[in-house]
Every structure is written in C-alpha cells, then in structure tokens.
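Nothing in this text is a laboratory measurement; each read-out follows from the coordinates by a stated rule. Since we're looking at a predicted model, the values are computed, not measured. Heads up, the Cβs are rebuilt from the backbone with ideal geometry, glycines too, and the neighbour counts pull from every protein chain shown.
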Amino acid sequence: MAIKSLVRLASLTSLERRLIKAACEASGKAHCPYSNFPVGAAILTYDNKIFTGCNIESCSSGATICAERVAIFKAVSEGYTRFKALAIYAPAAPLKGDSCGCGICRQVLAEFGLDVMVLKLRNDGMVRRKTVKQLLPNAFTPTIRAGKRVPTLPDQIRAIVDSLTPDVLSPRYAKVTGRNKFFGHCYVASEALFHMQGGAQSGYVPQVIHHEGGTHWYLKHQVTEKIVDLTGKQFRKPVPYAQGKGCGFLTKKPSKRAQIVIDRANALLAKGA
Ligand SMILES: [Zn+2]
C-alpha cells in the first residue's frame, strides 16, 4: 500500500512534531530582506538530536543559502552524518504547488542517505511527507561515485587494518600465539599509513611508547596533534599517548613488510572496499 504523502500534523509522532516545531521556530530567525520569504528547517539525527537552520540571504544573491542546508551543515560540522528526518516550514509558502526544498538541498540530503524523510508543514496544518528518494529520483549518491572517490584517512586505516595478517609480522612476533589480531603489527601498520599519507610531508611523526610490557608504535600529527593508532585496540588499558616520544622509522623507504601491507591496502581501496 502506498504511504499517503499528505498527512495531518496531529497524526505524526511526537518526535516528528517536535522537529516541525523546531523548524517553525527557526523560520523566525530567517535573514531574508530581499525575498521576504522566511524558511526554517530542522534535521533529526539518528540519535535524536535536532539541528536547526534558517535561510540566510546575501545582497550578492549568489551567497544566499537555504534553511535546509544550514541545518544539515550545522549537524555535519558537529560530527553528525546519519539522519532520520528533515522538517521544513515556510510561512509565506502557498498551499497549492508548495515545494519540499530546492534541488540543491535535496542533493545535499542524498549525500547522507536516500531514506531521510522530508516533512514540510503547510499553513493548513497538513504535512507533505516524502523521502529524499521520492523527491530526487536518480540522485547522485556516494555509492554511484565510489569508484572515483579519493580514499580518506579512515578509508586508508580500514584498508590497512584489513591487510594485517600473520605473514607480515616480524619474525620475533610470528611465534607468539594466542594474542589478538593487532598484536605485533603496530610498527608495520604505522609505517604503511605514514607512507600512504605522503611520508614526512603529511605532518605525521612516528611515535613510540612503552606500554603493557612492550614497545608500541603509532602516528601523531605535529600540527593538529591528532593521534592515529591503528593497533591500539590490542591493549586492555588506554595508551597514555601524552608520554609517547617522536622518532623516525628504521628505514626511509617502506620496509618490505610495510610495502606488502601498502600494496594490499591500495588494492582494497581500488576495489572500493
Ligand atoms: Zn535549498
């Protein structure tokens, strides 16, 4: 049975009504001196956080941005990329021929999932209810473009971790049995990522620390101080990174074992894994 796309506000869940209320409130903040067409939007994340936005117009016209994208970008910039629903309210919108966000905003929503529900409140108390998939058929999506995607740091980390198998362990660890899959791989994993990131010019500096009875390697960015520890999960206690010391790898070029890991990881990334 097809889901009705126009429903009464009262028939929505309390969470959906809360989202719509947030969009209504946000419309009051709109900066729209050129169109006098205020719009408010509110996006609901997977863990039920709400971020709001309003349209912000610019005298240059081109720098104007829609309420929907303000809400989405606020959420993404706070670390939220999984969404359940987006509510919109435009108090000056006509009842007939009303829209559900512009094409650009629909495409931005599609970046984060085609199943996001868009709820557009009308002044007669009815709500237009459609998924992004319904609003933007044949959308560009990250999966469609996956083949061309430049691997991000998390992609590279995942590919390296998936490439760590016992055959790339140094001989002195190869005989140690009964440990987890990360044990003995810290040096080779850090080395692989360091070179995949572009070596010294990436800003990452290899770090070494003594932890839980052994020497542990990871990377630290010298400017942002971001810690990247690909094998830190092997430990029971948190690694006291503040005590780590910067140092160089034993060789300038990737070691033979690291090169194996790099080749495998690049093959995985090329497959879009
Ligand atoms: Zn828009």
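Note the angle between two axes, namely the Cα long axis of helix 186-196 and the longest principal axis of the Cα atoms of the chain, as a number of degrees from 0 to 90, rounded to the nearest 10. Taking the Cα atoms of the chain, the angle to 186-196 is about 60 degrees. The amide H of residue 99, built 1.01 Å from its N in the peptide plane, has no neighbour under 5 Å, considering only residues 5 or more places off or on other chains. The angle between the Cα long axis of helix 14-27 and the main principal axis of the chain comes to about 80°, on a 0 to 90 degree scale. In terms of its C-alpha gyration tensor, the range 31-132 comes out oblate, because a/c is 1.5 or above while a/b does not outweigh b/c. Applied to the range 250-258, the Karplus parametrisation 6.51 cos²θ - 1.76 cosθ + 1.60 on θ = phi - 60° returns per-residue 3J(HN,Hα) values of 5, 10, 6, 8, x, 5, 4, 5, 5 Hz, with x for Gly and Pro. Taking amide H as placed 1.01 Å from N in the peptide plane, the amide H of residue 205 sits under 5 Å from that of 220, 221, 222, each at least 5 places away or on another chain. Under 5 Å between amide hydrogens, built in the peptide plane, is the criterion, and for residue 117 it picks out 85, 86 among residues at least 5 positions away or on other chains. In order along the range 233-241, the Karplus-derived 3J(HN,Hα) couplings, from 6.51 cos²θ - 1.76 cosθ + 1.60 at θ = phi - 60°, round to 5, 6, 8, 7, 9, x, 6, x, 4 Hz, and Gly and Pro are given as x. Other residues whose C-beta falls under 10 angstrom from the C-beta of residue 89 contribute a net charge of +2, scoring Lys and Arg +1 and Asp and Glu -1. Based on the Kirkwood approach, the hydrodynamic radius assigned to the range 147-270 is 14.7 Å, with every pair of different Cα atoms included. Helix 67-77 axis versus longest C-alpha principal axis of the chain: approximately 20°, rounded to the nearest ten. For the chain, just say rounded, prolate or oblate: build the C-alpha gyration tensor, square-root its eigenvalues into a ≥ b ≥ c, call rounded for a/c under 1.5, and beyond that prolate if a/b exceeds b/c, oblate if not. The shape class here is prolate.
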